[in-house]
Structure formats: C-alpha cells, structure tokens
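A.B. asks: Dumping the structure here so I can ask a few things about it.
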Amino acid sequence: MNRRQSATNVPLAVICVGLVLLVVVGFVIGWYHMDRTENVAVSPATNYETHELESIESYRSQYVGNNSNTVNLINALPLADRVQRIEILGQDVVITLGPDLNTDDDETVAPNVLYSAIAIMASIDNVRSVMYDTPSSSYVVSRDDVEARFGAPLSGLLENEEKWQGMRNVIPMEVSSLVK
C-alpha cells in the first residue's frame, strides 16, 4: 500500500512543481516587461504649445523610408498617444488616430495636426504630405503649401529655436489655410 501511495504522489508533486514554476516565470516575465515599458518615453508633448523642439532633433533624415525613425518621430509629437496606425505611401505619411479622439473640438485637434505635420516634414526631407485620419474626418497638410506660406524650405525651421517659435506662434492663424 505504501508503494502505491508514493506512486500517486509523484505525479501530483510534479504537477505542483510545474505550477509553481509557471507562476514564477510568469511574474518574472511580467516584471521584466513592465520595467522595459516604463523607461520608454512615448510622447513628451501634450500639445503644440508645450512641445519641445529638442525631442525631435535626433530624428532628422533625408528619407521617409527609414520606418523606425519615422515612427519614433511621430511618437515624439503631439497626438502620439492616440496614434493607431502609421502608413508610408511613397513620400506621403498617413497617420490614423484612434476613436477616442474627440474630433468635435477642431480648435484643439487641427492646430496639433498642423504642428505635427510641419515637424514631420521639417525633420524628414522627402515627405510631401501628412494626413491625419480620424473616425469622423481627415486632415491633410502638404509640404508645398507650408513652404509657400513660410517662403523657405521647412528644414530651415529646425536651425534654431527662434525660427521654430515663430512658426509655432502662427499655427492658430494658419490652420484654416494650411490644413485641408
């Protein structure tokens, strides 16, 4: 009888040890993942008025085809916390924003779209246009329109804080003419 009891206890012991190991490994993986995600800064800005130019300076590039650079740049701009999808179509960038965005408040969304689009086109030389899609509307900003308004290549805006601040100051006045 003693031998039979120990034979049935072995599988039970193996199952218990397996469950304990599974729980321990799960906690270790969860802790590691949480630790890694807390160190990633996704969006240093809440809106175009408070965004810091320094947060995008390292993402300057000649070509939009560098996907990780483009995604990291967009994640460092206003509205980044609402981005669901980013598509690069030739020299055009399409950014889809989530349904949690309240597009009824166009006075808030449109200036942030314009600012972010200018930042993308100033940072990446060959981006022709940026479109922000929301569930209820689309906002399109083209390089030609913005450069015609400012009278200079957009990359020149990144040369110093004063030029960038000058652009930031006219955002509210230019939204209706530059965002289609």
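The values are calculated or read from the model by the stated rules, or taken from the named source; none is laboratory data. Just so it is clear, the structure is predicted and the values come from calculations on it, not from any experiment. With ideal geometry, Cβ positions are generated from the backbone for all residues, glycine too; neighbour counts draw on all protein chains shown. The accessibility values were calculated without ligands, DNA or RNA, using every heavy atom of the protein model including side chains. Shrake-Rupley method; radii C 1.70, N 1.55, O 1.52, S 1.80 Å.
A.B. asks: What is the stretch 47-180 by shape, rounded, prolate or oblate, if you read a ≥ b ≥ c off the alpha carbon gyration tensor as root eigenvalues and call it rounded for a/c under 1.5, prolate for a/b larger than b/c, and oblate otherwise?
C.D. replies: Rounded.
A.B. asks: Next question. Which residues among the stretch 143-180 fall inside the zone where the amide N is under 18 Å from a point 7 Å beyond the Cα of LEU53, along Cα→Cβ?
C.D. replies: Of the residues in the stretch 143-180, 147, 150-172 have backbone N under 18 Å from the label point off LEU53.
A.B. asks: Give me the number: length gained by fully extending GLU147 to SER176, i.e. 0.36 nm times residue separation minus the C-alpha to C-alpha distance, one decimal in nm. Please report the intermediate quantities before stating the final value.
C.D. replies: Values: separation 29, 0.36 × 29 = 10.44 nm, distance 1.56 nm.
Here the answer is 8.9 nm.
A.B. asks: If you don't mind, there's one more thing I want to ask. I'd like the FRET efficiency for SER137 and GLU159, computed as 1/(1 + (r/R0)^6) with the beta carbon distance as r and R0 of 22 Å, rounded to 0.05.
C.D. replies: The value I calculate is 0.10.
A.B. asks: Right, next: Just subtract the alpha-carbon distance of ASP92 and THR108 from 0.36 nm times their residue separation and send over the number in nm, one decimal.
C.D. replies: 3.4 nm
A.B. asks: Give the accessible surface of the stretch 71-155 per residue, rounded to a whole number of Å², with probe radius 1.4 Å and ligands, DNA and RNA excluded.
C.D. replies: So the stretch 71-155 comes to 41 Å² accessible per residue, rounded to a whole number.
A.B. asks: Roughly speaking, what is the centre-to-centre gap between the stretch 46-66 and the stretch 90-160 when only Cα atoms are used, to the nearest Å?
C.D. replies: About 12 Å separates the Cα centre of the stretch 46-66 from the one of the stretch 90-160.
A.B. asks: Quick one: net charge of SER142's neighbours, Cβ under 14 Å, K/R +1, D/E -1?
C.D. replies: Local charge sum for SER142: -1.
A.B. asks: Carbon and sulfur atoms: what percent of the 1.4 Å accessible area of the stretch 82-166 do they account for?
C.D. replies: Values: 1730 of 3850 Å².
Heavy-atom surface of the stretch 82-166 belonging to carbon and sulfur, 1.4 Å probe: 45 percent.
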